[in-house]
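K.L.:
This is the structure, below, for whatever I ask next.
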Amino acid sequence: MLKGFIIELQLKDTLSDTFFYWQQVFIEDQVLNKKDDKTIQNYNSVLDNFIEFCQTKDSTPIEKIDNRFMKYFMLYRDEQAFKKYNKSELSYWTKKNDIKVIKLFFDFIEDYSYEDDDLETIEFRKIRWKKLIRKKERKEKPYYHAETIVKYLSYLEKQIQNKRESFYYGLSLAFKLCLYGGLRASEVCNITFEDFGKVRSVNGKKLIDLSIKGKGNTLYKNPLPYGHIKKEYNHFKRRYENENLKRLFFSKTGGNLTRFTLYRYFENITEDLGIDKKGIHILRHTFANNLNNLEIDLADIQELMRHADPSTTRVYTQRSSKRLDSAVSVL
């Protein structure tokens with residue numbers, strides 16, 4: 001009975017339909033294995049959220065589900081937390097529980113999909129569900145080259161000139177905070193105008209301090225190159241003085257900006273510009289890589305990136321041939 005039911009499930013038209021029926025089989029299996037009610041309730045809750053997310057992606061072929069898809073699911077969960085509880089993101093333990101349950105669910109799907117050689121949906125069986133959620137590998141991170149950054153900056157400048165709207169000033173400022181300050185998308189969304197300090201001069205260059213609420217609600221104060229954000233800063237300064245507007249970042253509809261929405265905006269820009277590497281987080285990688293190429297000490301980059309462990313910083317910094325040459329030349 002179960003075997004025939006599984007074949008039927010794999011022929012469903014949409015992602016949400018397919019996973020909804022797999023959920024029924026998965027939960028039935030947990031009951032048969034005498035899992036307690038609290039555990040089953042937890043599994044159901046996580047899978048309900050996953051299937052709700054899949055409804056927004058129903059046009060995606062099931063064989064196209066990959067790790068990127070799962071990352072967007074976690075961003076979606078953060079957005080839910082913001083709407084329901086006004087939290088910028090899920091707690092560490094909630095995320096860990098979600099990942100654990102989804103991994104068990106995928107393990108279950110793969111085990112049953114490969115149990116019978118007569119299963120008909122070959123594309124479904126090609127997916128290695130167990131590998132969709134894997135541990136992060138310690139490897140060098142992608143970053144944007146200078147010409148790609150110029151494309152982005154030119155695009156954002158044109159949007160500001162053509163639209164003259166606060167949304168586009170905010171989008172440009174968000175981009176620059178990540179590029180020149182190494183902020184995470186979640187950190188950007190929490191910034192208000194009052195988080196900026198006074199402009200000051202250091203070695204002939206103007207800097208402005210920014211208070212950042214990092215992971216674990218830890219507060220940091222990082223300097224930013226004022227010249228790069230001057231236009232956007234002055235736009236919001238005028239709005240702050242005239243309207244007492246503290247918020248800087250809004251969605252297109254005027255609501256609070258979330259990390260999920262910010263990712264989506266920049267993914268659309270990336271597609272418009274024909275850039276292969278997607279994701280606003282690459283700007284954070286670029287920030288670290290640029291500092292590394294300027295031969296800034298790794299400990300200082302670690303501080304600016306707000307990393308507790310220097311090994312985390314190291315994977316953000318590409319091997320610089322200039323620095324390697326400089327190191328060996330002193331031998």
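K.L.:
Name the long-range amide H neighbours of LEU224: under 5 Å, sequence gap of 5 or more, or other chain; modelled H, no Pro or chain starts.
P.N.:
Residues meeting the criterion, in which the H sits 1.01 Å from N, are ILE208, ASP209, LEU210.
K.L.:
Next up: Leaving ligands, DNA and RNA out of it, report the carbon-plus-sulfur percent of the accessible area of the stretch 201-331 at a 1.4 Å probe.
P.N.:
The nonpolar share, carbon plus sulfur, comes to 48 percent.
K.L.:
Separate question: May I ask which of LYS151/LYS213; LYS246/LYS277; LYS252/LYS278; LYS83/LYS246; LYS246/LYS278; LYS221/LYS252 have a Cα-Cα span longer than 27 Å here?
P.N.:
From the list (LYS151/LYS213; LYS246/LYS277; LYS252/LYS278; LYS83/LYS246; LYS246/LYS278; LYS221/LYS252), the Cα-Cα distance tops 27 Å for LYS151/LYS213; LYS246/LYS277; LYS246/LYS278; LYS221/LYS252.
K.L.:
How about the stretch 268-319: which GluC sites (Glu not before Pro) there are in a DSSP loop, with at most 12 other Cβ atoms within 10 Å of their Cβ?
P.N.:
Answer in residue order: GLU295.
K.L.:
Now for a separate question. For the stretch 155-247, state which GluC sites (Glu not before Pro) are in a DSSP loop and have at most 15 other beta carbons lying within 10 Å of their beta carbon.
P.N.:
When the GluC sites (Glu not before Pro) of the stretch 155-247 are filtered for loop state and at most 15 Cβ neighbours within 10 Å, GLU165 remain.
K.L.:
Take every DSSP beta bridge with both residues inside the stretch 181-288 and express the antiparallel ones as a percent of the total, to the nearest 5.
P.N.:
Taking every DSSP beta bridge within the stretch 181-288, about 100 percent pair in antiparallel fashion.
K.L.:
Hey, another quick one. To the nearest Å, what is the center-to-center distance of the stretch 28-71 and the stretch 233-279, using C-alpha atoms only?
P.N.:
31 Å
K.L.:
Further, regarding this structure: Less than 10 Å Cβ to Cβ from THR261, Lys/Arg counted +1 and Asp/Glu -1: what total charge do the surrounding residues give?
P.N.:
With Lys, Arg at +1 and Asp, Glu at -1, the neighbours total +2.
K.L.:
Using a cut-off of 10 Å between beta-carbons, work out the net charge of the residues near PHE193 (Lys and Arg +1, Asp and Glu -1, PHE193 not included).
P.N.:
Residues close to PHE193 contribute a combined charge of +1.
The values are calculated or read from the model by the stated rules, or taken from the named source; none is laboratory data. Small disclaimer: the values here were computed from a predicted structure and weren't measured. Reconstructed Cβ throughout: ideal geometry from the backbone, glycine too, with neighbour counts over all protein chains shown. Just the protein is used for accessible areas: all its heavy atoms, side chains included, with ligands, DNA and RNA removed. Shrake-Rupley method; radii C 1.70, N 1.55, O 1.52, S 1.80 Å.
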